[in-house]
Amino acid sequence: MLLQELKPEPLWHYFEEICRIPRPSKKEGKIAAYLMDFAQKQGLEARQDEAGNVLIKKPAVEGMEKAPIVVLQSHMDMVCEKNADTRHDFERDPIQPYVDGEWVKARGTTLGADDGIGMAAQLALLASDDVKHGPLECLFTVDEETGLTGAFALKPGFFEGRILLNLDSEDEGELFIGCAGGIDTVIEMPVETRKTDGGAFALKVTVKGLQGGHSGDDINKGRGNAIKILNRFLWEINEKYGVALAGMDGGNLRNAIAREAFATIVIPEKEKESIRVDFNLYLAGMEEVWKITEPGLKMELESADLPDRTLTAESTTRLLNALYACSHGVFSMSYRMPGMVETSTNLASVKFKGENTVVVTTSQRSDITSEKMNIAQMVASVFKLARAKVVHGEGYPGWTPDPDSAILKIAVASYKKLFGKEPVVRSIHAGLECGLFLEKYPGMDMISFGPTLRGVHSPDEKVNIRTVEMWWRHLVDILGQV
């Protein structure tokens, strides 16, 4: 089955067009140009601000001119993740979507339904001539995934509406009225190197096959972190034999749980068989630990070319200790909204930078500002003990739930009418741009909703076809009720 055969046809048509356009975070020029060209062809008013955000306006249909303006909002950029064996240039190559049963997926890469599906819905509405709606303002922001810089740079007055529908959620039948705030904590650890000893042997250790996922929405789903799994093994054999670390590369994005990690170590040649035995025992233990939540876990140990230099024993031990001590996962659950994560931290990536620096990227989330800073400072303290330089990012605010929201009441009534059941109303542990919109536009009445997506921020990303149609019907009905 082809995407153009799916319902609603206009939405899937525009989603397929969006998939053809490269749109990594901070490099949204091509998709922004496409949006401006779309507006011109449709005869719609459009403008772009200095940050690159795009706004397209559409007048009300006849009879709804007095309805309040509704802002529909999505983000242009996508998380660019691929499987290790996939050849794909996210700055040049199109995403290759395909239908697999009840889902639309991509071949070896992230799909970009986060938030390409939201963009597609906006374009379908802007191009429609059979949807009842008042005045619409469609806002497309840049760089949501790596810093929310488009929302940060948004200036008051760029749009007029005071009702906003954020189209960037991932569970059909759930209406979100709040989100966590977040902050990045980035570590630069100075390390020393030395010339590799004679009589040494090099090994490459690999962890792969994990699900990964969104560091907010998936952090409580028991998924493995490849960096933590790899580092635990390295720590154990370093304690037992003493190893020299020649390189380590794990994870990529601050808002994704690390799926893969690799390290090259140098050991005394006499210990290579003992380490292989230890590796097999460790792998068996990890397969038992992760057999429920990470059945695809794979670990490999193979010979490698002997590097010219490695970290010193002191630098190796200091780095492995810090990574072992660094927290990852849920820190506390919410007492305000039972079942929701309140505070968490993500050990996102480890990269060697040149010969004398290792960069560790982490991110923290909480719906309570003081707890967000508490967990960020806890992570910082670990690396400060390891004599590393620690820098906190600017961070972004949360969005405090408003259960008395007027647009929420319309959305709930609409869902009950359409589907004969109550939607779930809740907050989300992921970061949404809504908190920043409230800073720029106090009093904004907002909800966030979307179809069902799974595997977001990983090459396993997929969107459920049936729920896209349900979400579209819900969106159209809400617009007719405002």
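The values are calculated or read from the model by the stated rules, or taken from the named source; none is laboratory data. Computed from a predicted structure; not experimentally measured. All Cβ positions, glycine included, derive from the backbone under ideal geometry; neighbour counts span all protein chains shown. Just the protein is used for accessible areas: all its heavy atoms, side chains included, with ligands, DNA and RNA removed. Shrake-Rupley method; radii C 1.70, N 1.55, O 1.52, S 1.80 Å.
Based on protein heavy atoms only, segment 232-354 ends up with 47 Å² per residue of surface accessible to a 1.4 Å probe. Got a sec? Which residues in segment 460-482 would a label at K409 touch, if it sits 7 Å along Cα→Cβ and we count backbone N under 17 Å? Counting only backbone N, you get 478-479, 481-482. Working from Cα pairs under 8 Å separated by at least six residues, relative contact order for segment 223-340 is 33 percent. In this structure segment 165-222 gives 28 Å² per residue of accessible area when probed at 1.4 Å with all protein chains present.
Element breakdown for the chain at a 1.4 angstrom probe: carbon and sulfur atoms account for 50% of the accessible area. Using the average count of surrounding beta-carbon atoms within 10 Å as a protection proxy, the listed peptides 304-310, 364-370, 114-120 rank, highest first, as 114-120, 364-370, 304-310.
Projecting the Cα atoms of T109, P190, T206 onto the charge dipole of segment 102-207 (Cβ charges, centred on the Cα centre) puts P190 farthest toward the positive pole.
If the chain linking D305 and R20 were pulled fully straight, counting 0.36 nm for each residue of separation and taking away their Cα-Cα distance, it would gain 98.6 nm.
Share of Cα-Cα pairs in segment 22-134 beyond 24 Å, in percent? The calculated P(r) of segment 22-134 puts 36 percent of pairs beyond 24 Å.
The listed peptides 343-349, 236-242, 126-132, ordered by packing as a protection proxy, come out as 343-349, 236-242, 126-132 (highest mean of other Cβ atoms within 10 Å first).
Between helix 465-481 and the chain, what is the angle of the helix's C-alpha long axis to the longest principal axis, kept within 0 to 90° and rounded to the nearest 10? The answer is roughly 40 degrees.
The alpha carbon convex hull volume per residue for segment 319-453 rounds to 146 Å³.
Bridgeable lysines around K208 (alpha carbons under 24 Å apart, same-chain partners fewer than 8 residues away excluded): K82, K105, K221, K228, K272, K291, K298, K351, K353, K462. For the chain, a simple Cβ point-charge model (Lys and Arg +1, Asp and Glu -1, everything else neutral) yields a dipole of about 600 debye relative to the Cα centre. The Rg/Rh ratio for the chain is 1.01, where Rg is the radius of gyration of the alpha carbons and Rh is the Kirkwood radius. The mean sequence separation of alpha-carbon pairs under 8 Å and at least six residues apart, normalised by the residue count of segment 301-404, gives a relative contact order of 19 percent. Shown is the FRET efficiency for K7 and Q96, computed with R0 = 25 Å from the Cβ-Cβ distance and rounded to the nearest 0.05: 0.70. When both segment 392-416 and segment 1-44 are represented by their alpha-carbon centers, they are found 27 Å apart. Helix 9-19 and the longest principal axis of the C-alpha atoms of the chain enclose an angle of approximately 40°.
Farthest toward the positive end of the dipole of the chain, out of H133, I267, P68, is the Cα of I267, where the dipole comes from beta carbon charges about the Cα centre. Helix-only arithmetic for the chain: the sum of -39500 (n - 2.57) across DSSP H runs with n ≥ 4, divided by the residue total, places the mean residue ellipticity at 222 nm at -9500 deg cm²/dmol. If you average the C-alpha positions of segment 77-93 and of segment 283-355 separately, how far apart do those two centres end up, in angstrom? Each part's Cα centre sits 23 Å from the other's. Rounding to the nearest 10 and keeping the result within 0 to 90°, find how far the Cα-based axis of helix 29-42 lies from the longest principal axis of the chain. Its long axis makes an angle of about 10 degrees.
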